[in-house]
C-alpha cells in the first residue's frame, strides 16, 4: 500500500470508534475474492438488494453488475446498507450495445472461470461443484429470462441447484443465497488460499473509511494539503 494511503488510513481511523475499527478487521479476515458474483440485467430492486445482502453476509467482496437493459437499483431498506461494504463494479454499454462479453472476458483475464447458473446439458449440481479448479465467478441472469446467450457462450461451466418439486428454479435472490451459503462453507472448510492479501485488506479498509467517516472528503482534502507541505 502506498505510504500516502497508509497514513491517510491511520488518520481516518482517528475519526471512528475502536469498536468500528475492530469490527472492520474482523470482517476483513473473512472476506474473499476467490468467489465473485456477476449480476446481468436484474431489474427488481428487492432482488438486487437481497443479493447484495447475501454477498456481504457470506463474505463475498466483489460484485459485478452488467446493465445492458436495466439499471441496477438496490433498495436501501432491503440491503440494510451492505452495498457500502462491497466493491461493486458496474458495467454499462457506451451505447445501446452489450457489455456482457467485455465484463466476462475481463474476469477471465483476472483468472476467474465463468460459471453460469442455469440448467444445461453439461451442468453440475451445486453439491458436486469443485472449488479447487480455481477462482469462480457465479453469473446470475434476469428474473424472467435467466442468463443471456452471451453468458451461455462465454461460460466455462454450468451450475444448477437440484430441484425436487414442480418449479424449475428459485427466485434469483434465493438461488444466490443458497449457492453462496454452500460454496462459502465449502471454501472455508478447504485448504484453498481464499483470504485477502494484507494489501487487499488495507485497500478495502481505506475504501470503507472513506465511505463511513463523517465528512471524509473534507478530512482527506485537509490531510492531502498537509501531506504535500510536509
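The values are calculated or read from the model by the stated rules, or taken from the named source; none is laboratory data. In this text, all values refer to a predicted model and were calculated from it rather than measured experimentally. As a convention, Cβ positions derive from the backbone with ideal geometry for all residues, glycine included, and neighbour counts pool all protein chains shown.
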With the condition kept exactly as written, say whether any residue in the range 88-102 is surrounded by fewer than 18 Cβ atoms within 10 Å (Cβ to Cβ), under 15 Å from residue 38 (Cβ atoms), free of Cβ contacts under 8 Å to residues at least 12 places away in the same chain and touching a strand residue (DSSP E or B) at 6+ places or on another chain (Cβ under 8 Å). yes
Any pair with Cβ under 6 angstrom, 6 or more apart, that starts in the range 180-194 at a residue that is farther than 20 Å from residue 161 by Cα and ends at one that is surrounded by 12 or more Cβ atoms within 10 Å (Cβ to Cβ): 194/32; 194/34; 194/187
Go through the range 208-223 and give me each residue that's closer than 29 Å to residue 32 by Cβ and assigned to a helix (DSSP H, G or I). 208, 209, 210, 211, 212, 216, 220
Is it the case, given these coordinates, that residue 111 is on the phi > 0 side of the Ramachandran plot, touching a strand residue (DSSP E or B) at 6+ places or on another chain (Cβ under 6 Å) and surrounded by fewer than 16 Cβ atoms within 10 Å (Cβ to Cβ)? no
Consider residue 226 against the criteria (1) closer than 28 Å to residue 73 by Cβ; (2) assigned to a helix (DSSP H, G or I); (3) without any contact (Cβ under 8 Å) to a residue 12 or more places away in the chain: it satisfies all of them except one. Which criterion is unmet? (1)
Looking only at residues that are touching a strand residue (DSSP E or B) at 6+ places or on another chain (Cβ under 7 Å) and more than 20 Å from residue 54 (Cα to Cα) in the range 148-161, which one is surrounded by the most Cβ atoms within 10 Å (Cβ to Cβ)? 151
Of the listed residues (141, 111), the one being under 22 Å from residue 44 (Cα atoms) and touching a residue at least 12 places away in the same chain (Cβ under 8 Å) is 141
For the range 162-172, give me each residue that is without any contact (Cβ under 8 Å) to a residue 12 or more places away in the chain and either surrounded by fewer than 10 Cβ atoms within 10 Å (Cβ to Cβ) or within 16 Å of residue 37 (Cβ to Cβ) (or both). 164, 165, 166, 167, 170
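Every residue, every condition in (1) modelled with pLDDT of 95 or more; (2) part of a helix (DSSP H, G or I); (3) within 24 Å of residue 128 (Cβ to Cβ), yes or no:
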position: 167; (1), (2), (3): no, no, yes
position: 183; (1), (2), (3): yes, yes, yes
position: 187; (1), (2), (3): yes, yes, yes
position: 199; (1), (2), (3): yes, yes, no
position: 203; (1), (2), (3): yes, yes, no
position: 206; (1), (2), (3): yes, yes, no
